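Working notes, structure below.
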Amino acid sequence: MRRKLTAIVAADVVDYSLHLGRDEVATLNALSTLRREVFIPLADQYNGKIIRLMGDGSILAFESALAAVKFAMEVQEAVAAQPQQNSGGRAIEFRMGLNLCDIIQQEDDIHGEGVNVAVRLEELAPPGGVCLSQGIYLQTKSAIGQDFLPIGERLLKNISEPVFVWRWHPKNGGSGVGTVEGFPVRKGEFKGRQILDPQVTALLIDLHMRSARMAISDAFDEMLSEPNEGRGMTMEDIYRKLGAKLNAARAMLHCIQIECIGDMRDSTVGLWQNPQSMAEFVSNVFDSASTSYAPRLLPIIQKILSTDAPPLAKRTQFMELAQSFMREDMAPRLKSVIKFAFVETT
């Protein structure tokens, strides 16, 4: 056994069981073709090693972090361009998660918590997209030339420490936001019963919007209390402050599941999943470029922090930004997209 620093790529087929249920032979043939024509050639091109290839999932190891990210992005771009579909009319799609970590190599297998992190990041990725850990993002961001969307610190299943996550999708043009046109609406896949009427759902949205405004105000105060009034804060530091406060504000929404309507067009990739936690749904809306949150708001905050204006003037500018971010049409938009809300039963 020996240890080595390795870039891990975890990949999984979206809705694999549903594909098999529609047409087993067509699904297996399509998956085999993608592996033969896309995965294996690109893995060879970037000197990656396929560690596990089981059913719908795979684990790959790369000696170069940059090679791993380029491999993942090119795979997703190539898969998105593939014309082949199964008999149900649904194209094969992958989710992919990447992490840079210290692993234990034992014969032809690898072990370590970092491998599990990559697997959990894959579960967070949108269909056809990629999620990166903070570690591998920092090693590759200057070379990739793509804008990954920061989606904040996430608590991953069976992982002790939260992981800061970055997301990318080939349909986004690097902005972290894509179109839902062509994405299927999944119906009837939840177990539970509807227990929240529209008035209760609307009230929860209104309460969250108020708590989010307070969270943003608290985050601005923390930034101004940093050494040198926050002038040295990076965009990652700023997002971490905002994300932590907004995640706490969303805590009351985690136990509520929702199903969205079927005609929304302005959304982030991944917003279309039904059912999903209301907290995850609100988080995706806030992280979209249409709200100017990650792609546009963070650089403006960083610029305000770097000025020599007095703290009170900076805070006034911050709150004007917050008012723009938490604009008046946000709550009605959220309410209009939610078809119904329920608490899932066991």
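Pairs are defined by a Cβ separation below 6 Å, a sequence spacing of at least 6 or placement on different chains, a first member in segment 1-24 that is without any contact (Cβ under 8 Å) to a residue 60 or more places away in the chain, and a second member that is of a type outside the set (A, V, I, L, M); the pairs so defined are Tyr16/Asp56; Leu20/Thr27.
Filtering Lys303, Lys314 for residues that are surrounded by 19 or more Cβ atoms within 10 Å (Cβ to Cβ), charged (D, E, K, R), assigned to a helix (DSSP H, G or I) and modelled with pLDDT of 75 or more leaves a single hit, Lys314. Checking Glu37, Glu24, Glu77 one by one, the residue that is among the charged types (D, E, K, R), exposed (fewer than 13 other Cβ atoms within 10 Å of the Cβ) and assigned by TED's automatic domain parsing to the domain that holds His111 is Glu24 and no other.
Among the numbered conditions (1) in contact with a Ser or Thr (Cβ under 6 Å, 6 or more places away or on another chain); (2) modelled with pLDDT of 55 or more, the only one that Ser324 does not meet is (1). For segment 121-137, a residue qualifies if it is in contact (Cβ under 8 Å) with a residue 40 or more places away in the chain and either surrounded by fewer than 22 Cβ atoms within 10 Å (Cβ to Cβ) or touching a His at 6+ places or on another chain (Cβ under 7 Å) (or both), and the qualifying residues are Glu123, Leu124, Pro126, Pro127, Gly128, Gly129, Gln134.
Could you list, in sequence order, all residues of segment 57-66 that are over 20 Å from the mean Cα position of the chain (by Cα) and buried (at least 19 other Cβ atoms within 10 Å of the Cβ)? Please lay out each step first, then the result.
Restricting attention to segment 57-66, the residues satisfying the condition of being over 20 Å from the mean Cα position of the chain (by Cα) are 60-64.
Listed by number, the residues that qualify are Leu60, Ala61, Phe62.
Quick grid of which residues meet (1) over 22 Å from the mean Cα position of the chain (by Cα); (2) assigned to a strand (DSSP E or B); (3) surrounded by 13 or more Cβ atoms within 10 Å (Cβ to Cβ); (4) at pLDDT 70 or above:
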site	(1), (2), (3), (4)
Arg167	no, yes, yes, yes
Gly178	no, no, yes, no
Gly182	no, no, no, no
Glu189	no, no, no, no
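With the requirement that a residue be under 21 Å from Ile104 (Cα atoms) and outside any helix (DSSP H, G or I), what does segment 129-155 give you? Answer for segment 129-155, where residues must be under 21 Å from Ile104 (Cα atoms) and outside any helix (DSSP H, G or I): Leu132, Ser133.
Residues that are at pLDDT 90 or above, part of a strand (DSSP E or B), touching a strand residue (DSSP E or B) at 6+ places or on another chain (Cβ under 9 Å) and closer than 25 Å to Arg154 by Cβ: does segment 110-128 have at least one? Scanning segment 110-128 turns up no residue that is at pLDDT 90 or above, part of a strand (DSSP E or B), touching a strand residue (DSSP E or B) at 6+ places or on another chain (Cβ under 9 Å) and closer than 25 Å to Arg154 by Cβ.
In segment 234-244, what count of residues is obtained for those that are of a type outside the set (Ser, Thr, Tyr) and crowded, with 20+ Cβ neighbours inside 10 Å? Can you show your working first?
To start, the set of residues in segment 234-244 that are of a type outside the set (Ser, Thr, Tyr) comprises 235-238, 240-244.
Now narrow it down to the ones that are crowded, with 20+ Cβ neighbours inside 10 Å: 238, 241-243.
Summing the residues that are of a type outside the set (Ser, Thr, Tyr) and crowded, with 20+ Cβ neighbours inside 10 Å in segment 234-244 gives 4.
Strands (runs of 3 or more DSSP E) fully within segment 1-76 that include at least 1 residues being closer than 17 Å to Gly135 by Cβ: 2-13, 57-62.
The values are calculated or read from the model by the stated rules, or taken from the named source; none is laboratory data. Note that the structure is predicted; figures quoted are calculated from it, not measured. Note that we place each Cβ from the backbone using ideal geometry, even for glycine, and neighbour counts take in every protein chain shown.
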